[in-house]
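Data block below; observations after.
The values are calculated or read from the model by the stated rules, or taken from the named source; none is laboratory data. From a predicted model like this one, the values you see are computed outputs, not experimental measurements. Reconstructed Cβ throughout: ideal geometry from the backbone, glycine too, with neighbour counts over all protein chains shown.
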Amino acid sequence: MTNKISFKQSILVVCLILMSSFIVFSQVPDFPWPDGKRMAISLSFDDARTTNPTEGVSLLNEYHVDATFYVLPSRVEENIEGWRHAVETGHEMANHSIHHPCSGNFGWARPLEDYTMDRMRDELMTANKEIKRLLGVDMVSYAYPCGQITIGRGENSQSFIPLISELFLTGREWLSEAPVDPWYCDMAALTGMKMDNKDFEEILPIIEAASKKGQWLILAGHETEEASKNHSTKLSFLRKLCEYAKDPKNGIWIAPVGTIGKYVVEKRAEHLDKINIPQITRKESDNFILKAINGKGVGPNIKYMPEWEAFGWFMEDDRVEWDMEVETSGVYNVYMEWSVDDKEAGKGYVIEVGNKRQVGKVEKSGSWETFKKKLVGQIHLKSGYNRVVFKPESKFGEGALLDLKTLTFQLDTADQ
Ligand SMILES: [Zn+2]
């Protein structure tokens, strides 16, 4: 809150709009898709199926729509000319492993239960080299065969998402139930929704909902033929989809996963330091800085103010929550960074971590524009997950508590 004159008027407006209490303000702006587009779509096809470089590519080329093909080198070799034509006409070639390992429950697959991380790494690199040799392209995208993200079994099982994150720009799952949120997503775990054996009318509501939210819909299929089969994307479906996606009034950017992935990564790098996206804070050398930008503002009035990197409009029914992961349990010094107008100073606040509470009064900082950082007490943190809640100690009626920028926890005495 930085403007005293408009303060009360603004409260009135906010109160009129929000008659219900406890609304979470996400305050995330629409994703800046290029040329004013409202959403993005990627078409993707797995396994380098026979009908992809023939029927599939020729239909897509008719509409100048580029897709992503997650290929297996052995299948590419069966129609090398067809796949070279797909590359030349702009389609993305992407990694789908070398042997298509899936759970042993499928029977036909090399079982992921018997994989180790170095074996997985070797095979992924081999697939990259093989496709470079066959088609001359460097692959930046990966799709998890059968959509499976773990290797090993039981207590030895582990996710190989970190390996995909290291080796590729993007990783795509399969049979997901939601499109990708471009601000929030893990680039190595993008959702992929099934388009096999669907009619356009079945997918249209998903497109319309994704458009309202500015999302990225990655559709995933296999064969490209007219037959109604569980692993075939119908040509009639693709035709209607391409026509719809290419119609400017629908505001859709349709492009391969790698192209859109690169754009998303760039835009996030430009904007993410200004957008309040709640996320867990992890260890920084026994020193945790809980920043407003990573906190969750809960309540009828509270708002994240990017220009101050702080939560403002903090009134009696508002609070901020942070999640954090602590390595060393012990007593931590707590520093608060805040600002407050002298007339609003003096109200009680409480910092809660589990059943521990640290209570204090908001001291003067000089003005709303002047932030101050000060040791305000000590609190015990357990190792592992902790939720930190900052809120007013009691109801105070009119006015605001403070603008809150950071809470810092610095290890003082580790538990014995
Ligand atoms: Zn596959």
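Odds and ends about this structure:
- A109 being at pLDDT below 95, more than 24 Å from E243 (Cα to Cα) and not in a helix (DSSP H, G or I): yes
- For the residues K303, K283, K262, the requirement of being surrounded by fewer than 21 Cβ atoms within 10 Å (Cβ to Cβ) and within 26 Å of D412 (Cβ to Cβ) singles out K283.
Yes/no per residue for (1) assigned by TED's automatic domain parsing to the domain that holds F69; (2) closer than 21 Å to G214 by Cβ; (3) touching a residue at least 24 places away in the same chain (Cβ under 8 Å):
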position: V257; (1), (2), (3): yes, yes, yes
position: E309; (1), (2), (3): no, no, yes
position: E352; (1), (2), (3): no, no, yes
position: K361; (1), (2), (3): no, no, no
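- Per the conditions (1) surrounded by fewer than 17 Cβ atoms within 10 Å (Cβ to Cβ); (2) in contact with a helix residue (DSSP H, G or I) (Cβ under 7 Å, 6 or more places away or on another chain), the sole criterion not satisfied by K198 is (1).
- The number of residues in segment 72-122 being of a type in the set (D, E) and either surrounded by 15 or more Cβ atoms within 10 Å (Cβ to Cβ) or within 16 Å of the ligand (Cβ to nearest atom) (or both) comes to 3.
- Looking only at residues in segment 169-212 that are in a loop (DSSP other than H, G, I, E, B) and polar (S, T, N, Q), the one that is nearest to K267 (Cα to Cα) is T191.
- Here L134 fulfils each of the conditions (1) within 16 Å of the ligand (Cβ to nearest atom); (2) surrounded by 17 or more Cβ atoms within 10 Å (Cβ to Cβ); (3) not basic (K, R) apart from (1).
- Hits in segment 134-157 - residues which are at negative phi, touching a residue at least 40 places away in the same chain (Cβ under 8 Å) and either in a helix (DSSP H, G or I) or not assigned by TED's automatic domain parsing to the domain that holds M187 (or both): L134, L135, P145
- Selection status of S20, modelled with pLDDT under 95, under 30 Å from A310 (Cα atoms), not in a loop (DSSP other than H, G, I, E, B) and not basic (K, R): no
- Among the residues of segment 272-306, the ones that are free of Cβ contacts under 8 Å to residues at least 24 places away in the same chain and either β-branched (V, I, T) or closer than 23 Å to E369 by Cβ (or both) come to 2 in all.
- Test: residue in segment 53-65 that is hydrophobic (A, V, I, L, M, F, W, C), within 16 Å of the ligand (Cβ to nearest atom) and either in contact (Cβ under 8 Å) with a residue 12 or more places away in the chain or closer than 30 Å to S236 by Cβ (or both): no
- The set of residues from segment 217-250 being out of contact with any Leu (no Cβ under 9 Å at 6 or more places or on another chain) and modelled with pLDDT under 95 comprises A227, S228, K229, N230.
- Options D341, D323; residue that is modelled with pLDDT of 95 or more, crowded, with 17+ Cβ neighbours inside 10 Å and not in a strand (DSSP E or B): D341
- Only one of the numbered conditions (1) away from the ligand (no atom under 16 Å from the Cβ); (2) surrounded by 21 or more Cβ atoms within 10 Å (Cβ to Cβ) is violated by T224, and that is (1).
- Residue among P179, P248, P205 that is crowded, with 17+ Cβ neighbours inside 10 Å and farther than 17 Å from C146 by Cα: P179
- For segment 368-413, a residue qualifies if it is part of a loop (DSSP other than H, G, I, E, B) and either among the aliphatic types (A, V, I, L, M) or at positive phi (or both), and the qualifying residues are G397, G399, A400, L401, L402.
- Within segment 286-331, the set of residues being on the phi < 0 side of the Ramachandran plot and of a type in the set (D, E) comprises E307, E316, D317, D318, E321, D323, E325, E327.
- Residue count for segment 43-71, restricted to those that are in a helix (DSSP H, G or I) and surrounded by fewer than 18 Cβ atoms within 10 Å (Cβ to Cβ): 6
- E352, sole failed condition from (1) in a strand (DSSP E or B); (2) under 26 Å from the mean Cα position of the chain (by Cα): (2)
- Qualifying positions in segment 137-166 - away from the ligand (no atom under 14 Å from the Cβ) and crowded, with 19+ Cβ neighbours inside 10 Å: M139, V140, I151, F160, L163, I164
- Annotation: W183 fulfils all but one of (1) within 15 Å of the ligand (Cβ to nearest atom); (2) aromatic (F, W, Y); (3) under 19 Å from T259 (Cβ atoms); the unmet one is (1).
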